[in-house]
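Chemist: One structure is given below, represented as structure tokens, and several questions about it will come after.
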Amino acid sequence: MMAELKEKTHVFKQLKKIINDRFDKNEAPVISDFMCQYYNDVACEDLVERELEDLYGAAVAHWNLAESRPANTSQVSVYNPDLETHGWQSAYSVIEIVTTDRPYLVSSLTMSLNQRGLTCHLVVHPVIEISRDDKGVLKAQEKNDQLISEAYIRIEIDRQAEESGAFQLLKQQIEKVLLHCEAVTEDWAHSVKKLHEAVGSLKNCSSKDEQQNITEASEFLKWLEKDNFIFLGCREYELVKDKKIGGVKIVEGSGLGILRDALAPMPDIDVIPITKETRAFISEPCPLIVTKATTKSDIQRTSYMDYVGVKKFDDKGRVVGEYRFLGLYTSAVYHASVEQIPLVRKKVQKVFDSSLFKLNSYHGKSLMNVLEGLPRDELFHSSDAALLSLSMGVLQLRERQRIRLFARPDAYGQFVSILVYVPRDRYNTSVRKKMEGAICSKLKTGKIDFEVEFTESIFARVHFTVHTPSGWIGEFNALEVEREIIEILRDWKDDLLSASILRFGEVAGKELYNRYGEGFTAAYQDRYPARFAVFDLEKAEISSKIEGQAIQMSLYQPLESHGKGLQFKLINKGAPAPLSQTLPVLENMGVTVFDEHPFEMTDNASNSSYWVHDFGLVYNAQLPDVEQIKEKFQSVFENMLFR
């Protein structure tokens, strides 16, 4: 650490010398101080691997961009630094930003660039306090100046072609993110005030809801304010129940954050039409709508925004409108106990009431562990009945390990949330893509997102969010898709387990599978169906019980030979059977060997190996019935081999 600090100090001394040589004595100290702040938090290795002239040039270029910034604006520049044109150079395209410091800037900008498939190779982000005059021009700091905290952000990304128009598109994208960050931070307090207004309206409403009481709904809204929700935007809506043009109407001027009228323009039509199903759902007496929005956030993290709707009621308890809040639950929510989250805790209690498990019992603790491990979105969005079915289904996986799929359409029919549990040793990217294909084919859509989680259990859990096509009528047969996924993911080893259980019974079959399941080579699996392997496994077991050298044999006729060919399988314990011994014996028995395929088979419990040799034979006389000669052929071979 001390060596790095010493090296960094040396870099700053060299930069100071360059500045003193190129600026007059009045300006040089200001530039030098700026450059120290500019590179203060940059890793030493990122500094020493660059030329001093390029470190100097990059900082001075950013300073020049910051020379003038009128109030409430941002300066953005995107270019490819060129030594001849700009006085410094870089292997990357460079984005320079000067703006008022506010939360979420760097995470939102880098996230936005990553979404475009761009890699951020270096991010420089000092926050510097400066003074500006009334026109926004930098000036020397004086004693009574009101200092401004400004963010100087430089991001080096994959080099872009200048003539492609990429720079202009990138600049527009950056400016949009900056505007959204500004709107969110400036309107945060107003959004919270609107939340208080919504809570107040619930206290006086006449809704009679059997599912969630007004008190719990109010507690949930108050909980959001306690650093559990990033308020990105809010708006008010009126419910229009006219028979001809029923729908929702935006309350003009009510937009805040990213839903400001200037950022999310009012639609051309006065009333936004909604389906009968949506209207029926909105009109239900439950005071809250807790779901996902159909738009991804461009602030903080790239997730579909969380949508919390607070219904407005008239004095007769009828729904007449909505306060709509868009945002993101904070990271603390995803780690908080389910017993600490309003609304969720009531659902959890209802799950326990329906399950009849006592909280402190073995099954009760297991069920609570399942609930704590579920995606928080499922806890927020699921109905009581859906959460009970999901949690009990996951709990049962501990007793019967298999592939399971659970699906939940959202209330508006805009997406389907699907959880697929797969044994973790079976999960990989190829498996996930196959599952995606099956799901998208069933829902006739290509819009799908996924999250994978590996826990301490034996399962990998894949959470798919599938956005349904317009006109979707809500039909999704989860069992049918589950069966399709099971079939897609079924592999040779699954067939081996089934065949072993069928031949030896469940207890003995599973025991043999556990010993030999991983013991067949890929080449063997490619050549033989799993149910054929059961007979080789059985012969290996017989050999294991015989002391000394032991072989097992099988003369058979493949179905594909049309009754004209023979195969002779020889299983030798411990080592391959030498061809110098086996081939002469076979040829002296009146057959010609035209090929031979050797495979190793391993008992992983004892680490014993068995070699399977499969000989292709041509019988030199008229081919008799295999059953008539099988035992005699095998007996003669064994006697001749060991004589």
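The values are calculated or read from the model by the stated rules, or taken from the named source; none is laboratory data. Just so we're clear, the structure is a prediction, and the values are computed from it rather than from any experiment. As a convention, Cβ positions derive from the backbone with ideal geometry for all residues, glycine included, and neighbour counts pool all protein chains shown. All accessible areas refer to the heavy atoms of the entire protein, side chains included, with ligands and DNA or RNA removed. Shrake-Rupley method; radii C 1.70, N 1.55, O 1.52, S 1.80 Å.
Chemist: Collect the residues in segment 87-110 that are assigned to a loop (DSSP other than H, G, I, E, B) and touching a Pro at 6+ places or on another chain (Cβ under 7 Å), keeping them in residue-number order.
Modeler: Passing the criteria: Trp88, Gln89, Ser90.
Chemist: Separate question: Check segment 318-333 and report whether any residue there is over 21 Å from Ala217 (Cα atoms) and not basic (Lys, Arg). Walk me through it before giving the result.
Modeler: Taking segment 318-333 as the starting set, the residues that turn out to be over 21 Å from Ala217 (Cα atoms) are 331.
Cutting the leftovers down to not basic (Lys, Arg) gives us 331.
Yes, segment 318-333 contains at least one residue that is over 21 Å from Ala217 (Cα atoms) and not basic (Lys, Arg).
Chemist: Exactly one of (1) at pLDDT 90 or above; (2) in a helix (DSSP H, G or I) is unmet by Ser554. Its number?
Modeler: Ser554 satisfies every listed condition except (2).
Chemist: Looking at this structure, is Thr73 part of a loop (DSSP other than H, G, I, E, B) and of a type in the set (Val, Ile, Thr)?
Modeler: It is true that Thr73 is part of a loop (DSSP other than H, G, I, E, B) and of a type in the set (Val, Ile, Thr).
Chemist: Take the residues of segment 446-479 that are of a type outside the set (A, V, I, L, M), open to solvent by 70 Å² or more (accessible area, probe 1.4 Å) and not in a loop (DSSP other than H, G, I, E, B): which is farthest from Val370 (Cα to Cα)?
Modeler: Restricting to residues being of a type outside the set (A, V, I, L, M), open to solvent by 70 Å² or more (accessible area, probe 1.4 Å) and not in a loop (DSSP other than H, G, I, E, B), the top hit is Phe450.
Chemist: Return the pair list, or none, for Cβ contacts closer than 6 Å from residues in segment 564-580 that are closer than 12 Å to Asp614 by Cβ and at pLDDT 90 or above to residues that are in a helix (DSSP H, G or I) and open to solvent by less than 60 Å² (accessible area, probe 1.4 Å), at least 6 apart or on different chains.
Modeler: The qualifying pairs are Ile571/Lys539.
Chemist: Sticking with this structure for a sec: Any idea which of Ser201, Ser206 is open to solvent by 10 Å² or more (accessible area, probe 1.4 Å), farther than 30 Å from His335 by Cα and either modelled with pLDDT of 95 or more or assigned to a loop (DSSP other than H, G, I, E, B) (or both)?
Modeler: Ser206
Chemist: Counting just the residues of segment 326-343 that are in a helix (DSSP H, G or I) and within 25 Å of Arg235 (Cα to Cα), which one comes out most open to solvent (accessible area, probe 1.4 Å)?
Modeler: Per the stated criteria, the residue is Ser331.
Chemist: From the set of residues in segment 89-112 that are out of contact with any strand residue (DSSP E or B) (no Cβ under 6 Å at 6 or more places or on another chain) and of a type in the set (A, V, I, L, M, F, W, C), which is least open to solvent (accessible area, probe 1.4 Å)?
Modeler: Leu109
Chemist: Separate question: In segment 624-643, how many residues are open to solvent by 50 Å² or more (accessible area, probe 1.4 Å) and either assigned to a strand (DSSP E or B) or within 11 Å of Val591 (Cβ to Cβ) (or both)?
Modeler: Number of matching residues: 0.
Chemist: Residue by residue through segment 382-402, note down the ones that are crowded, with 20+ Cβ neighbours inside 10 Å and either out of contact with any helix residue (DSSP H, G or I) (no Cβ under 8 Å at 6 or more places or on another chain) or modelled with pLDDT under 90 (or both).
Modeler: Hits for segment 382-402: nothing passes.
Chemist: Shifting gears a bit: Between a residue in segment 166-179 that is at pLDDT 95 or above and aliphatic (A, V, I, L, M) and any residue that is open to solvent by less than 30 Å² (accessible area, probe 1.4 Å) and in a helix (DSSP H, G or I), which pairs come within a Cβ distance under 7 Å, given they are 6 or more apart or on different chains?
Modeler: From segment 166-179, the pairs are Ile174/Leu109; Val177/Ser108; Val177/Leu109; Val177/Ser112.
Chemist: Oh, and also: Please specify each residue of segment 41-77 satisfying the condition of being open to solvent by less than 20 Å² (accessible area, probe 1.4 Å), within 35 Å of the chain's Cα centre (by Cα) and touching a residue at least 60 places away in the same chain (Cβ under 8 Å).
Modeler: Val42, Val76
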